[in-house]
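Chemist: The structure's right below; bear with me while I get my questions together.
The values are calculated or read from the model by the stated rules, or taken from the named source; none is laboratory data. Worth saying up front: this structure is predicted, and the values here are computed from it rather than measured. Methodologically, a virtual Cβ is constructed for each residue, glycine included, from the backbone with ideal geometry; neighbour enumeration extends over all protein chains shown.
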Amino acid sequence: LHTPVIQCIRTHRTNTWWDEHLTEDNASFLKKVVTEEYKQQTTDKLNPLKDEPWPRHEWVEGSRRVGLVAVKLGMMPVWTKSGERHVVTMLQVQDCHVVKHLSKEEYEGHTAALIVGGKNVSPFHRPEGYLEVFRNAGVPPKQKLTTFCVSDNAIIKPGTPLYAAHFRPGQYVDVTAKTIGKGFQGVMKRWGFKGQPASHGQTKTHRRPGSLGPGGDPAKVFKGKKMPGRMGNIYDTTHGLKVWRVNTKYNILYVNGSVPGHRNCLVKVRDSILPTRLENNKNPPFPTFFADGDEEIPEDLYDQDMFQFGEPMAE
Amino acid sequence: MNECKCVAGLASSAAAACLSSAELRSHRSALFSKEQVRQRSLYPRTEKIEVMLQGPGLQGTLLVMNRGLSTPYSCTRHLTEWHVKSSALALVDGQPWHMHQPLIHSCDLTLLTFKDDDPQIANQAYWRSCAALLGHVLDEAFKDEFSVELLKLPEVPVTAGAFCCDLVLDSRLDSWTPTEVRTASSQTLLTFEERAAQSQNGTVSLYRCGDHVTVSGGPLVARTGLCSQYEVTSVHKVGECEWGVLRRAQGLSLPLNLTAHHNVWKMLRKRAERLVRNVFVCDNSVKQVKARHCRQKHCFNALVSF
């Protein structure tokens, strides 16, 4: 048997880091130029009305609109008017832009899609192909790109900025993010097995899975049997989270409960698909909230049930 | 005389309009080879000269070379492979000297690379060689029936942002504008050979690269393999002259050990697309450019002066 000979082509390593052949003042000049360019691009896109926006339609029952990409900041407590305490996660929307539009035919044949990008990032550590999409949209390069399936009346022109006021208090959202990686974990932590008692004669068996299946009849272990393995670092969604408060000055969403991911990770936020929560998601800002519109919204928007400090308490 | 004829033959290409470009090029190349053979025959007996090497790590090395035959390139061959690959230009008694030009008398030799403390001379020579290459590329770019006449390679400082080449195209191409300006990647390692041809006005240096012969104002860089990124950025119409519409083609290039990140390259390229006016080394005269462009000029200025 001849083992296949792996051919290696020895080449010189030609790519280097961007700083390598530049002097210090060159590097700082380039960084400044890049930030100025980003600011210029963002201000150019601030008035969607000016550069031929796409037609805006009204919200119809059954239409799906875009979501946002946000940064998970942390958690804090919130009280209702009846005195109950809940915890909320703060998600900040930093530099969210619509980057590309894929029509029904391009995407999969059923719905159109919009690709949205999150936080701005420097162009020096990204490959050329990645930066091309952003150059076509006229938008600074982003750290995370997500696709949202969208109905045809909710499409937005690439380059429009998206703000936190896209969601209003009282709505329910689904949040998707990459969970914290726990590494190789045993069956009790990974799948929530009960394990075995700590004492009363147990020999070397306290956290093991125990039996693996029925016995002689199948005489095998079924596929998909829950066993120890690598846990975390996968995308997971938490459904049906209520939005308690929206801060329009800093673009922060206060979302009920906890959200997958570590602090400062990028999450995907969209309208909830749970059938029991569809009532609350009626008449949202459609297709999105535009900052140059006529409506003036206050800096903070609170949910009706939320207790705001300084109000009289109902005994 | 033989020399005058050859110079006249190379300069008056307007008279040879009936020949196609490929024939012209082979004719010029044949003339160059003849001249090369003639100059070699000026030293029938090999005489020895002493070459003293100067430079970091090489002080006081004495090499015994042949008069009229050995070039600074052959001196580097006696040293290490790194010297051969990295030296772009040589300084003979303080004068810039092409790597493949033969040494005539005993002298001091310094080898220049792009990464020295003061690479101004090497950079300027690199710029000149890129302009010559641009001429070569444009010569070959058009089909044989259209005649391309390269007028001159203006001496542009590196800080201007792009090297340029003035040319006159065939009158049939008057309305031609470049739709797509693509990169010209010269992958083959062609050597620039040089011979000083004697003419009535003094010495004129000719350089040959592959099949193409150019006249240049100063020494060129050793070989084309030294440029890593090379792009022809734009072609502008500058004016009219007695032969036709005068155009200026511009390009941008960086040497092999100074490859730029794709972002940095894009910014430099955007700058190289703008028309370069005949501005010479005096920096004060460039104040007519707007503030933003001035900063970009400094960018490249510092990029080159390591």
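Chemist: Among the residues in region A:185-200, are any among the small types (Gly, Ala, Ser), within 14 Å of chain B (Cβ to nearest Cβ) and over 20 Å from the mean Cα position of the chain (by Cα)?
Modeler: The answer is no, given that none of the residues of region A:185-200 is among the small types (Gly, Ala, Ser), within 14 Å of chain B (Cβ to nearest Cβ) and over 20 Å from the mean Cα position of the chain (by Cα).
Chemist: Okay, next question. Scan region B:79-89 and tell me whether some residue there is outside the structural domain of residue B:220 (by the TED database), hydroxyl-bearing (Ser, Thr, Tyr) and in a helix (DSSP H, G or I).
Modeler: yes
Chemist: Now a separate question. Being in contact (Cβ under 8 Å) with a residue 60 or more places away in the chain, of a type outside the set (Ser, Thr, Tyr), within 30 Å of residue A:118 (Cα to Cα) and touching a Ser or Thr at 6+ places or on another chain (Cβ under 8 Å) narrows it down to one residue among A:241, A:266, A:253; which is it? Walk me through it before giving the result.
Modeler: Details: A:266 fails: touching a Ser or Thr at 6+ places or on another chain (Cβ under 8 Å); A:253 fails: touching a Ser or Thr at 6+ places or on another chain (Cβ under 8 Å).
Just a single option satisfies the conditions, and that option is A:241.
Chemist: Quick check, is residue B:132 closer than 23 Å to residue B:28 by Cβ and modelled with pLDDT of 75 or more?
Modeler: yes
Chemist: Of the residues that make up region A:143-156, is at least one within 14 Å of chain B (Cβ to nearest Cβ), closer than 26 Å to residue A:42 by Cβ and modelled with pLDDT under 95?
Modeler: No, region A:143-156 contains no residue that is within 14 Å of chain B (Cβ to nearest Cβ), closer than 26 Å to residue A:42 by Cβ and modelled with pLDDT under 95.
Chemist: Every residue in region A:272-298 that is over 19 Å from residue A:238 (Cα atoms) and basic (Lys, Arg), please.
Modeler: Once the filter is applied, which keeps residues that are over 19 Å from residue A:238 (Cα atoms) and basic (Lys, Arg), region A:272-298 yields only A:282.
Chemist: Continuing with this model, one more query. Return only the number of the condition from (1) touching a Pro at 6+ places or on another chain (Cβ under 9 Å); (2) at the interface with chain A (Cβ under 10 Å from one of its Cβ atoms); (3) at pLDDT below 80 that residue B:257 does not satisfy.
Modeler: Of the numbered conditions (1) touching a Pro at 6+ places or on another chain (Cβ under 9 Å); (2) at the interface with chain A (Cβ under 10 Å from one of its Cβ atoms); (3) at pLDDT below 80, the odd one out for residue B:257 is (1).
Chemist: How do the pairs read when you match residues in region B:229-248 that are modelled with pLDDT of 75 or more with residues anywhere that are acidic (Asp, Glu), using Cβ under 6 Å and keeping only pairs 6 or more apart or on different chains?
Modeler: If the second residue must be acidic (Asp, Glu), the pairs left are B:248/B:166.
Chemist: Going by the conditions given, is residue B:195 modelled with pLDDT of 65 or more and not small (Gly, Ala, Ser)?
Modeler: Details: modelled with pLDDT of 65 or more: no; not small (Gly, Ala, Ser): yes.
The answer is no for residue B:195.
Chemist: Let me spell it out: the conditions are (1) among the hydrophobic types (A, V, I, L, M, F, W, C); (2) within 14 Å of another protein chain (Cβ to nearest Cβ); (3) surrounded by fewer than 15 Cβ atoms within 10 Å (Cβ to Cβ), and residue A:134 meets all of them except one. Which number is the exception?
Modeler: Failed condition: (3).
Chemist: Which one is surrounded by the fewest Cβ atoms within 10 Å (Cβ to Cβ), of the residues in region A:170-206 that are in contact (Cβ under 8 Å) with a residue 60 or more places away in the chain and out of contact with any Lys or Arg (no Cβ under 6 Å at 6 or more places or on another chain)?
Modeler: A:180
Chemist: Go through (1) out of contact with any strand residue (DSSP E or B) (no Cβ under 6 Å at 6 or more places or on another chain); (2) part of a helix (DSSP H, G or I) for residue B:75 and report which single condition fails.
Modeler: (1)
Chemist: When residues of region B:31-68 are filtered for being under 25 Å from residue B:207 (Cβ atoms), of a type in the set (A, V, I, L, M, F, W, C) and loosely packed, with under 11 Cβ neighbours inside 10 Å, how many remain?
Modeler: Total meeting the criteria: 2.
Results for (1) over 22 Å from residue A:64 (Cα atoms); (2) assigned to a loop (DSSP other than H, G, I, E, B); (3) of a type in the set (Val, Ile, Thr); (4) touching a Leu at 6+ places or on another chain (Cβ under 7 Å), shown as yes or no for each residue.
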site	(1), (2), (3), (4)
A:169	no, yes, no, yes
A:205	yes, yes, yes, no
A:212	yes, yes, no, no
A:233	yes, yes, no, no
